[in-house]
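One structure below.
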Amino acid sequence: MAKKFVKAIFPGSFDPITNGHLDVISRGMKLFDELIIAVGRSPVKNQLFTPEERVEMIAELITGMPGVSVEPFEGLTVEYAARKKADVILRGLRSLTDVQYEFQLAMTNRAVAGIETVFIMTSEQYGFTSSTLIREIASLGGDLSNLIPKSVQKRLKQRLKKTGQEARNSRSETRSDSEDTILNT
Ligand code: ADP
């Protein structure tokens, strides 16, 4: 019997991509014939990088990985999966806390669209890595060299410098506004 071609999508925010995500991608690559990393716009999460920037960062990291590609998507994951004719959704698991949330998500996706979710457990060293934690550590100037690729570290540094600068500028604008008020009264 001919082997079935299996196409998977790996949806997520990837804000930014971490070594934990990359670990799941490199394991997934061995299981599926095609793997599309789908970068979503989360309506609830506070985002540091635009979806286009996140796609760019991931594209640099997956060159040389056969069958793996990246693209942005909007809307429901199951609708995107149907458009791409994906057979499965891939998700990563770090801990029991993930299981509870991911289980609910996978059941819902199967109930509404009949699509299966495949889970890959991360390596132990990335069990505590999340993009949120990475953003927090980076904003406090911590060392992230074991948790994210060098290229991502560089972009994070640049972005935080810029946002720090913007925050300082807006604080000084507010100050001069109040100084104007004082001068005008
Ligand atoms: P989402 O907002 O969809 O949760 P994330 O970018 O946070 O997007 O995560 C995308 C997927 O990658 C999820 O399945 C998540 O559980 C998984 N993931 C995140 N960090 C890790 C990690 N360190 N190891 C393994 N899987 C991870």
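Using Cβ counts within 10 Å as a stand-in for footprinting exposure, how do Ser130, Ser42 rank, fewest first? Working shown, then result.
Working: Ser130 15, Ser42 11.
Neighbour counts put them in this order, fewest first: Ser42, Ser130.
Which GluC sites (Glu not before Pro) in the stretch 48-155 sit in a loop by DSSP (not H, G, I, E or B) and have at most 15 other Cβ atoms within 10 Å of their own Cβ?
Values: sites: Glu52, Glu53, Glu56, Glu60, Glu74, Glu79, Glu102, Glu116, Glu124, Glu136; in loops: Glu74.
Here the sparse-neighbourhood loop sites are Glu74.
Kindly identify the stretch 27-89 as rounded, prolate or oblate by the Cα gyration tensor criterion: order the square roots of the eigenvalues as a ≥ b ≥ c, call it rounded if a/c is under 1.5, otherwise compare a/b with b/c, prolate if a/b is larger, else oblate.
It comes out oblate by the Cα gyration axes.
Going down the table (Lys3/Lys150; Lys84/Lys161; Lys3/Lys30; Lys3/Lys84), which pairs top 26 Å between alpha carbons?
From Lys3/Lys150; Lys84/Lys161; Lys3/Lys30; Lys3/Lys84, over 26 Å: Lys3/Lys150; Lys84/Lys161.
To the nearest 20 debye, what charge dipole does the chain have about its Cα centre, counting +1 at the Cβ of each Lys and Arg and -1 at the Cβ of each Asp and Glu?
Details: 25 positive and 23 negative charges, 87 e Å.
Computed about the Cα centre, the dipole is about 420 debye.
Of all trypsin sites (Lys or Arg not before Pro) in the stretch 65-152, which ones are in loop regions per DSSP and have a Cβ with at most 16 other Cβ atoms within 10 Å?
Lys84, Lys85
Taking K and R as +1 and D and E as -1, what net charge do the other residues with C-beta under 11 Å from the C-beta of Pro66 add up to?
Overall, the nearby charge balance is -1.
Looking at the chain from every direction and averaging, what is the projected area of its Cα convex hull in nm²?
If you wrap the Cα atoms of the chain in a convex hull and average its projections, you get 14.1 nm².
For a Förster distance of 35 Å, can you work out the FRET efficiency between the beta-carbons of Met65 and Leu140, rounded to the nearest 0.05? Kindly include the intermediate steps, with their values, before the conclusion.
Values: r = 32 Å, r/R0 = 0.91.
Efficiency, from the Cβ-Cβ distance: 0.65.
Any idea what angle helix 19-31 forms with the longest principal axis of the chain, computed on alpha-carbon atoms, 0 to 90 degrees, nearest 10?
With rounding to tens, the tilt is 20 degrees.
Can you pull the one-decimal nm distance between simple spin-label points at Leu31 and Leu105, each 7 Å off the Cα toward Cβ?
1.4
Every number here is computed from the coordinates shown, using simple stated rules; none is lab data. All figures in this text were calculated on a predicted structure; none of them were measured in a lab. Cβ: placed from backbone, ideal geometry, glycine included. Neighbour counts: every protein chain shown.
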